Structures are given as C-alpha cells and as structure tokens.
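> The structure's right below; bear with me while I get my questions together.
The values are calculated or read from the model by the stated rules, or taken from the named source; none is laboratory data. These figures come from a predicted structure and were not determined experimentally. Glycine gets a Cβ as well: all are built from the backbone with ideal geometry, and neighbour counts include every protein chain shown. For the accessible areas, the whole protein counts, side chains as well, though only heavy atoms, and no ligand, DNA or RNA atoms are used. Shrake-Rupley method; radii C 1.70, N 1.55, O 1.52, S 1.80 Å.
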Amino acid sequence: MIKLISCRSLMFMAIGTALAAFSGCSATVPSSLDRARVNLETAQRDPQISGNAPLALQDAAQAMRRAERAWNDTRNKEEVDHLADLADRRTEIARVMAERKIAEGETQRLGQERDKIVMEARQHEAERARRQAEAQARVAEQEAERQARNAELVSQEARAQARDAEVARQQAEARAREAEQARQQAETATVRITQLEQQLAEFKARQTERGLELTLSGVLFEFDKATLKPGALRNLSPLITFLQEDPERKIVLEGHTDSVGSDSYNMELAQKRAESVRNFLIQSGIASHRITAHGLGKGYPVASNDTEAGRLQNRRVEIIISNEASRSASIPR
Amino acid sequence: MMIEKRTRWQRSITGSLVGIGAVGFVGCSSVSPPHEYIATGELALRNAQMTNASQHAPVELRMAMEKLDKAKQAMRDKNYVTARQLAEQALVVAQLAENKAHAEEARRAAREMRARIEALRREAG
C-alpha cells in the first residue's frame, strides 16, 4: 500500500513537474498551505473545538490533506491556494460550530439552573405557605385557648353566683322559718292570751283606772265562812296561770261581805276571805310579795243586801291586777 | 446530544467533494463541466438562506452568492476549473454563514436564558 502510494506520488510528482512549466505551477510550498496547516493545528489543540466539533474538525483535516496531496501531486499553486482556502474555511466552520455547541451547552446548563431556581422558589413558596398555615393554626389555637379560659371564667363566675344564690336562698329559707316560728309563737301567744282573757272574763273582769278588776263572787265562800269552796279552786286556776305567765304583775285582793252582822265582824271576815285567797295563790306558786290582801267589809256592796241573791253577790273577793309591772297595785280606792 | 448537528445531504456534499478531489487532479486542462459542484453549492446557499444568516452573517452570505454567480458565469465561459473552484468556495462560505447564524441563535438563546434567570433571582431575591 505504502509502496503503491509512493509509486503513484512519484508518478504524479513527475507529471506535475513536467506540467509546471506551462501551467503556472510552482515549486516552493505556498504560504496559503502553511497558514491553513497552522490554523488547523491550532484548532485541533483547542479542547473547546476538538471537544465540541470533532466531525467538523475531521472535515477540515480531510480538506487540509486534500490540499497537501494536491500540492504534492501537482505543484499547481493556484489549485493548492484554492484548496488551502477551503481547508481554512472548514477550520473556521469547526470553530463556529464549537461556539454554537458551547452556547447551546450553556443554555442547557442555564435551563437546569432556571429549573432549580423555579423549583427552589416553589419549595420556598410552599415552605412559606406552610409556615403561614402554622402561624394561623397557632393563632387559632391561642384564640381557642383564650375563649376556653373566658368560658371557664364565666363558668366559675356562674358557679359563684349560683353558690351565692344558694346561700341567699338558704338564708331566705332560714329567715322564712324564723318568721314562721315567730309567727307560730305569736299565734301561740295570741291564742294563750285570748284563752286567758276568755278565762278571766268568766270572772267578769273589767278594766278600771286601778287596773284589771276581777270579782270572785260569793259562790266561792259559804255564808259566814272564810274558807274557799272546793269548786273555787278550779275557778282560780286561770288566774294562777295568768300570774305565772306574766310574773311582773302584782295583784291586790279585797275582801267584801254582805251587810249581815256588825261592821267589825264583817271587816274581819272580809280580811280572812282575802287572806284565804292569798294563801291559796301562794300555795299555788305565786310569790307572796306580789299579792296584797285586805278586808273592806260590807261597805262596798255591788248588789242589794235585801235579797239572798244580792247578798251572795256582795260576799266576794275582788282582785285588782296592776296594768303595769312597775306600778304598785295597791292604789287605794 | 447536539454535537455537530448536520443534515445528511450536507455531509454527503462535503464527502463527495472531498472524494472528487481525492480522485486526483490529472492535469490543468481537458476538464469536464462541474455540474455537481454548482448544484451542491446552490443547495448549500439555499440552506444558508433559510437561516438568519442575512442578519448574523451578511458578508459570508453575500460572498457565497457572488461566488456562485461567478461560478455559473465561468461555466458559461467553459472555464470549468475556475467554475469548480468558485462553486467549492461558494459552498464552504455558505456553510460558514449557516453555522454562524446557528451559533448566533445559540448565543442569543443563552443570553435570554441568563436574563430570565436574573429576573427569577430578582423575583425570588
């Protein structure tokens, strides 16, 4: 093969040399060839070009070989200049193509960067939205807590008011019970007083300026006697009760007789009768200092002594109950 | 990957031209008319005109057109060697113009992408 080429080269060189004389061919290497060779090798050493446009560089190298072969074969300077120019153009094309690849690569890289920025922006936005949502959730939670606290306060307030109301209700109930008790007591007292008054009314009690005057009429005593009839004891029991109920009251007992007999005798009898009632009252538990007894005789009749009925009325003991505790009951007639 | 995106015909043009050259240049005279060279040159020029070469490589584009015109004139003058040389020159210059247009478009795309990133950064900033 080498042998064949070299044979053919030799033949071409011989023909070329022969033709050179009448076709303007030259013997010295044209500068265009050197310049194209230098430009091609510079481009081949540039990793940007060899890396980005290897096929275009191969085309340029092929064109360069064609030019060199033409020089070796023909020595036709004009043709070799033309072919060297073609090779130079091809080198330039390789350079431009590499520039294009670099720009395209940069565009691609920038595109990835842009995608990354967009992605990060989205993530950032998502993160921001998430944080915002969290902040809103926190605010809502705090608001809920605050409302719960308020509700608890309101609830406590309501419970306190309910307790107060319960206390007030119980107090009102207690007061109502007290009032009821007082009312019942008052009622009881009223009933008792009414009863007493009714009982005392049996003694024909009458209110005078000396006080309440009762008359224990002649039925209590036998004729000419100072001792009380047994029935009188029962009749006196309302008086005893009255005096027990009202321990401040004092009483005065006045003994009276009918007109039968002498004054002195009747005076004495009257005195005895009053004393008899006084003793009975003392025996019944009434303090002695509360009771004053004296005989007034026949001088104060309440009825006619001409009839037995009248005389019966006149044989009596009158009881004067002082109106007030402080006042003496011994107001003279 | 877009390492040297070249159309099939482009590659075949280059290959066939180099092949024709490699066949050997027998002599300085008695050459047949280079119709193929004219056709491939025209094809390359048309391809360049379909890009933004008029904007990005106006000098090369005009040069390719002029060379092709001169090649056709040489054909008419039956100056076939000159016609082939001019057609070959028109071809590489047209291809250079086309590649310059592509490269400029690629740079512009990169610039736009860079500006977009700047805008995004400002927006995010």
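> How much FRET efficiency would the formula 1/(1 + (r/R0)^6) give for A:Gln283 and A:Glu166, where r is the Cβ-Cβ distance and R0 is 51 Å, rounded to 0.05?
According to the calculation, E is roughly 0.35.
> Using the basic label-point model (7 angstrom from Cα toward the beta carbon), what is the A:Val29 to A:Asn305 distance in nanometres?
In this crude label model, A:Val29 to A:Asn305 measures out at 20.1 nm.
> A further question follows. Compare A:Asp263, A:Asp258 by solvent-accessible area with a 1.4 Å probe and give them largest first, with all protein chains kept in place.
The residues order as A:Asp263, A:Asp258, largest area first.
> Loop only by DSSP, 15 or fewer other Cβ within 10 Å of the Cβ. Give me the trypsin sites (Lys or Arg not before Pro) in the stretch A:216-266 that pass, ordered by residue number.
A:Lys225
> Given 0.36 nm per residue, what is the gain on full extension from A:Glu120 to A:Gln132 after removing their alpha carbon distance, in nm?
Stretched fully, the A:Glu120-A:Gln132 segment lengthens by 2.6 nm.
> If you don't mind, another one. Taking θ = phi - 60°, what integer Hz values does the Karplus form 6.51 cos²θ - 1.76 cosθ + 1.60 yield along the stretch B:93-101, in sequence order, with x for Gly and Pro?
5, 4, 5, 4, 4, 4, 5, 4, 4
> Determine which aspartates and glutamates satisfy two conditions relative to B:Lys100: a Cα distance under 12 Å, and not lying fewer than 8 residues away in the same chain.
In chain and number order, the partners are A:Glu92, A:Glu99, B:Glu60.
> Excluding ligands and nucleic acids, what accessible area in Å² is computed for A:His289 using a 1.4 Å probe, to the nearest 10?
Here the residue's solvent-accessible area equals roughly 130 Å².
> Return the long-range amide H neighbours of A:Arg315 (sequence gap of 5 or more, or a different chain), with a cut-off of under 5 Å between placed amide H atoms.
Hits under the 5 Å cutoff: A:Gly218, A:Asp258.
> Where does each of B:75-86, A:37-48, A:161-172 land if you order them by average Cβ count within 10 Å, highest first?
B:75-86, A:37-48, A:161-172
> For A:Lys225, which aspartates and glutamates qualify as cross-link partners when the Cα separation must be under 19 Å and same-chain residues fewer than eight apart are set aside?
Excluding near neighbours in sequence, the set is A:Glu254, A:Asp258, A:Asp263, A:Glu268, A:Glu275, A:Glu308, A:Glu318.
> So what J values fall out for the stretch A:288-304 if you push phi through Karplus, 6.51 cos²θ - 1.76 cosθ + 1.60 with θ = phi - 60°, rounded to Hz, Gly and Pro as x?
Once rounded to whole Hz, the list reads 5, 5, 7, 10, 10, 10, 8, x, 10, x, 9, x, 10, x, 9, 8, 5.
> On to the next question. Taking the Cα-to-Cβ direction at A:Asp224 and at A:Gln147 and moving 7 Å from each Cα, how far apart do the two end points lie in nm?
According to this spin-label approximation, the distance is 11.1 nm.
> Another question about this same structure. Mind ordering A:60-68, B:108-116 by average Cβ neighbours within 10 Å, highest first?
Averaged packing, sorted descending, gives the order A:60-68, B:108-116.
> Now for a separate question. Looking only at other chains, what is the average number of their beta-carbon atoms within 10 angstrom of each beta-carbon in A:87-95?
4
> Oh, and also: Please compute the average number of Cβ atoms from other chains found within 10 Å of each residue's Cβ in peptide A:57-66.
Taking all residues of A:57-66 together, the mean is 4.
> Let me know the mean shielding of B:77-89 by other chains, meaning the per-residue number of their Cβ atoms within 10 Å of its Cβ.
Taking the mean over all residues of the peptide, I get 2.
> Starting at the first residue of the stretch A:238-245, write each ³J(HN,Hα) from the Karplus equation 6.51 cos²θ - 1.76 cosθ + 1.60 with θ = phi - 60°, in whole Hz, x for Gly and Pro.
x, 5, 4, 4, 4, 5, 5, 5
> Quick one: order A:Ile102, A:Ile291 from most to least accessible surface, probe 1.4 Å.
A:Ile102, A:Ile291
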